[in-house]
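The values are calculated or read from the model by the stated rules, or taken from the named source; none is laboratory data. Small disclaimer: the values here were computed from a predicted structure and weren't measured. Cβ placement follows ideal geometry from the backbone for every residue including glycine, while neighbour counts extend to all protein chains displayed. Each accessible area value is taken on the protein alone, full model and side chains, heavy atoms only, with ligands, DNA and RNA left out. Shrake-Rupley method; radii C 1.70, N 1.55, O 1.52, S 1.80 Å.
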2 protein chains.
Amino acid sequence: MYSGLTSLDCSLAPELQRKIDKKTKPVGSLGKLEEIAMRVGLIQQTLEPSILAPHIMVFAGDHGAARHGISAYPQEVTWQMVENILVGGAAINVFCRHLGIGLSVVDAGVNHHFTANPGLIDAKIAPGTASYISQPAMSATERDTALSRGGEEIHKLAARGCNCVGFGEMGIGNSASASLLTHCLISDKKGGQLAGVAGRGAGLDDAGLDRKLRLLEESVIRGGRINDPLKLVAEYGGFEIAMMAGAMLQSARERMILVIDGFIVTTALLIAHALAPEVLDYCLFAHRSQEPGHRVQLEYLGVKPLLDMEMRLGEGTGAALAMPLVQAAVGFLNEMASFESAGVHEKI
Amino acid sequence: MYSGLTSLDCSLAPELQRKIDKKTKPVGSLGKLEEIAMRVGLIQQTLEPSILAPHIMVFAGDHGAARHGISAYPQEVTWQMVENILVGGAAINVFCRHLGIGLSVVDAGVNHHFTANPGLIDAKIAPGTASYISQPAMSATERDTALSRGGEEIHKLAARGCNCVGFGEMGIGNSASASLLTHCLISDKKGGQLAGVAGRGAGLDDAGLDRKLRLLEESVIRGGRINDPLKLVAEYGGFEIAMMAGAMLQSARERMILVIDGFIVTTALLIAHALAPEVLDYCLFAHRSQEPGHRVQLEYLGVKPLLDMEMRLGEGTGAALAMPLVQAAVGFLNEMASFESAGVHEKI
C-alpha cells in the first residue's frame, strides 16, 4: 500500500535552474516563486510544467470526543458546514470561485445523512469516530478503509485531469485529534509538551483550552506510548485525517502537486510522511496557520510556508489562496522572455 | 495640489465588523483578509465593496547617476525592459495576464525614444535625470510637472472605471535614488546610517555595494541637510518616483485602493505621506521586499505587508501577487453566508 512512491529525480535541476536564471529579471529575484517553479518542474519532469484543473478536496469527519467539550462548537456544526459548502456559502467556496479552483467535499465520516449532491463524495466510514477519551477512535479495519478510500478518490481526480490538489478539512474537534497525533508523532519524542501543540482550535476560551488539555492528557495516558503511525491514527482519529493521509500518498504516486493547508492537514501529512517520507518531495506548503502546533510541524518537516495571513479557518482556505502563487511560478517559467530573446543587456 | 485628501471616515467600522463576525467562520479566523475587508469597506464607505478593473501602473525613468556605477546593470536596460513589458515578456506581464489585472507603463523619463504603443503612456519629463552625484537630479519645475502628470494619469484611469491601482516601477539606478530619499526622509532623523537603507538593488556584488555606498554618501554631503520632501525629490530624483508620488496622492483623492509594492514604490509613498499623511489610509502593503531599506520603511509607517515571497524584482510584481488576496477579502465579505442565513450553530 505504501510502495510505488519515489523521491524526486533531480537530474533536471541544473537545466531548470539555467532556464530560471536566463529570464529577464535579476538572478534569484523572484524568491520563493523560483523554488516553486523548480519543484513543479521536477515533479512533472519537464522544463515546461503546467497546472491543470487545480482542485481543493475538503475531507469532513466527526469526532466522538467532540461531545466531551474539546471544541468551542457543537458537533452538528460539522454537517451544517458541509451543507454550507455544498450550497456555496463557505469561505472555501468564495475563494475557489474567484480563483478558478475546483472543489469537492469528501464525507469521510460525518455524523449525518446527506442527500446526494454532485459536490459531495460519499466515502463515509462511520457516523463519527468513537471518543478516544475512553477507547480507540476507530478499528484497524476502519482505518485501512479510510486510507484506501482516500487513495481511490485521488486516483479518480487525477483521471479527470487534475495535477494539483489542495487539501482541506472540516470536523468539529479535529484540531484536538491533530494535537494528539502531532504530540505522539513528533513532539513527545523530543520531550515537547502536549500543551505546545494544542491550541484554541475554532475559538476556545482559557477555561475551554484548560479542559481540552486535561482531556487530551488523560487520553494520552489511556492510549499509552504508541510509536507506530498506523496504530496512532486508529487510536486518536479522525476518519478525515486518515483518509487525507491515504489521499496524499496516492497524490504523490500520481505525481501531482500537493498543496498543504494548515494544522490538521499537516497532521495528515505527518502520518503520510511517517509511512513514506518521499511524499514530502511533492508538497508545497500554502500557509502558516495561527494554531500553535502548526509551527512545530513545519519546523519538524524543515519547510517554510508561502503565506502568513494570520488565518486559522481550515476548509483548505490557505491552500486556495496559495494556488495563484503556484500558477504565477509556473507562468513565469513558461512565459517570461529570456535576456537573449528580449534583447535585454545582462548584468555588467 | 495636496489638498482634498481626508482621513478615512470610520463611522461604518462597527457595522462592517459585525458583518465580518457573522460570517460562517470562527471570529477573526481570516486574519489579514478581515483587515483588508474592513479597510476596503471604509475606503468605499459601503458594506458591499467591490474591486473594479484592478490595474498595475509601472512608472519608468532613468537616473543620471546610473552612468557612475550605482547599479549592476547598464542604463539601457531601462528602455529594453520597457520594450520587454510592451511585448508581454516581463514577469509583470505574466502575473497580470494570469490574474486578470490591467497593465500600463508610464514613461516618466526614460532615456529612449519609444514608438507609440497602446500599453505605453508618454508622460516623459526628460530623457533621464541629471546625476545627483554632482548636481540636483531635476529642477523644481520638472518635479512639479512629474507630480501633476502622475495625478492626471490616475484621474484618467479612475475615469475608465478602475478603483484599485497597484504601483510598480522600472528604472536602472532607482534603488540608489530610493535609498537617498529614504535616508533623508526617515532614517537620518533617527540617527540611522545610509548603509541601513542601501542594498544590492538588482544584484550588486560586495565591491559594487561599497562603490554605491561611497557615491551615495558623497551625494548626501553635496546635497546638504534637506528637510523639505519636495526639495528632496528634486535633489535625488527620479522622475518615476516623483510621478508615482503624485499618482498616489490623486489615487487617494479618487478614493481608490492603493496597492503598494516594494522599496522604490514605498519611497514614493514616503514622499506622498510627507505631503499628505492621510494617503496612508488608502494603502494596502503588498509584500516585503528583500531590499533591506524596505523593512525600515515599513516599520516607519507602522504597517505589515501581506506577502513575504523573498522577492526583489520590482515592476509591481509584488503588488500583482497581492491582488487575489484583496479580491478574496472583498469576496468573503460579499459572498459568504452568515451563521443565521446558513443555519449553522454558533459558538457554544
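Counting only DSSP beta bridges with both residues in the protein assembly as shown, tell me the antiparallel percent, nearest 5.
Percent antiparallel among DSSP bridges in the protein assembly as shown is about 5.
Before we go on, tell me the buried accessible area for the A/B pair, both chains summed, 1.4 Å probe, in Å² to the nearest 100.
Rounded to the nearest hundred, the buried surface is 4600 Å².
Considering only Cα-Cα distances, which of the following residue pairs are longer than 30 Å: B:K190/B:K231; B:K124/B:K212; A:K156/B:K304; A:K32/A:K347; B:K19/B:K304; A:K22/B:K212?
Violating the 30 Å limit, Cα to Cα: A:K156/B:K304.
If you take each beta carbon of peptide B:25-38 and count the beta carbons of other chains within 10 angstrom, what is the mean?
The shielding value for this peptide is 6.
Across peptide B:154-160, how many C-beta atoms of other chains are within 10 Å of each residue C-beta, on average?
0
In a GNM of chain B with a 10 Å cut-off on Cα contacts, which of B:M309, B:M57, B:M243 has the highest mean-square fluctuation?
Among B:M309, B:M57, B:M243, the largest mean-square fluctuation in the Gaussian network model of chain B belongs to B:M309.
Can you work out ³J(HN,Hα) from phi for every residue in region A:331-348, in order, using Karplus 6.51 cos²θ - 1.76 cosθ + 1.60 and θ = phi - 60°, giving whole Hz and x for Gly and Pro?
x, 5, 5, 7, 10, 5, 6, 8, 3, 5, 5, 8, x, 9, 5, 7, 3, 5
Could you please point out the chain A residue with its Cβ nearest to the axis of the rotation taking chain A onto chain B, and the distance in whole angstrom?
Of all Cβ atoms in chain A, the one nearest the axis gives A:P324, 2.
Report, by chain and number, residues whose modeled amide H sits under 5 Å from the one on B:H287, excluding near sequence neighbours (fewer than 5 apart, same chain).
For B:H287, the qualifying residues are B:L306, B:L307.
For A:D122, A:D206, what's the largest-to-smallest order of accessible area, 1.4 Å probe?
A:D122, A:D206
Compute log10 of I(q)/I(0) for region A:1-42 with the Debye formula, placing one identical point scatterer on every Cα and leaving out solvent, at q = 0.14, 0.17, 0.21, 0.24 Å⁻¹, to two decimals.
For region A:1-42 at q = 0.14, 0.17, 0.21, 0.24 Å⁻¹, log10 I(q)/I(0) is -0.39, -0.51, -0.68, -0.81.
Please list A:T145, B:T141 from largest to smallest accessible area, probe radius 1.4 Å, with all protein chains kept in place.
Most to least solvent-accessible, the answer reads B:T141, A:T145.
Using protein chains only and a probe of 1.4 angstrom, how many square angstrom of A:E310 are accessible, to the nearest 10?
Per-residue accessible area (A:E310): approximately 50 Å².
Can you run phi through the Karplus equation (6.51, -1.76, 1.60; θ = phi - 60°) for region A:220-231 and list ³J(HN,Hα) in whole Hz, with x for Gly and Pro?
Values per residue, Gly and Pro as x: 5, 5, 4, x, x, 6, 10, 9, 6, x, 5, 5 Hz.
Taking a point 7 Å out from Cα toward Cβ as the label site, list the nm distances between B:A159 and the same residue in every other copy, smallest first.
The answer, with the shortest distance listed first, is 5.9 nm.
Hey, what's the per residue convex hull volume over the C-alpha atoms of region A:1-114, in cubic angstrom?
188
Quick one: which residues, 5 or more positions from B:I121 or on another chain, have an amide H under 5 Å from its amide H? H modelled 1.01 Å from N in the peptide plane, none for Pro or chain starts.
Residues meeting the criterion, in which the H sits 1.01 Å from N, are B:V105, B:V106, B:D107.
Share of Cα-Cα pairs in the protein assembly as shown beyond 49 Å, in percent?
19
GNM, chain B, Cα, under 10 Å: largest mean-square fluctuation among B:D261, B:D308, B:D62?
Of B:D261, B:D308, B:D62, the Gaussian network model singles out B:D308 as fluctuating most.
For chain A, max minus min Cα coordinate along each principal axis, in Å, sorted largest first?
Here the spans come out as 69, 47, 39 Å, largest first.
Note the distances from A:K190 to each other copy's matching label point, with points 7 Å along the Cα-to-beta-carbon direction, in nm, sorted shortest first.
3.3
Copy-to-copy spacing for B:P277, label 7 Å out on the Cα-to-C-beta vector, in nm, shortest first?
Ordered by increasing distance: 5.6 nm.
Which percentage, to the nearest 5, of the DSSP beta bridges contained in chain A is antiparallel?
5
Per DSSP H run of at least 4 residues, take -39500 (n - 2.57); add these up for the protein assembly as shown, divide by its residues and hand me the 222 nm value, nearest 500 deg cm²/dmol.
That comes out to -14000 deg cm²/dmol.
Probe 1.4 Å, all protein chains in place: accessible area of B:K304 in Å², nearest 10?
150
How large is the accessible surface of A:H112 in square angstrom, using a 1.4 angstrom probe and rounding to the nearest 10?
Accessible surface of A:H112 is approximately 50 Å².
Would you kindly give the portion of the calculated P(r) for region A:205-348 that falls above 18 Å, as a percent of all Cα pairs?
66
Average partner chain C-beta neighbours within 10 Å, per residue of B:340-348?
Neighbouring Cβ atoms belonging to other protein chains average 6 per residue here.
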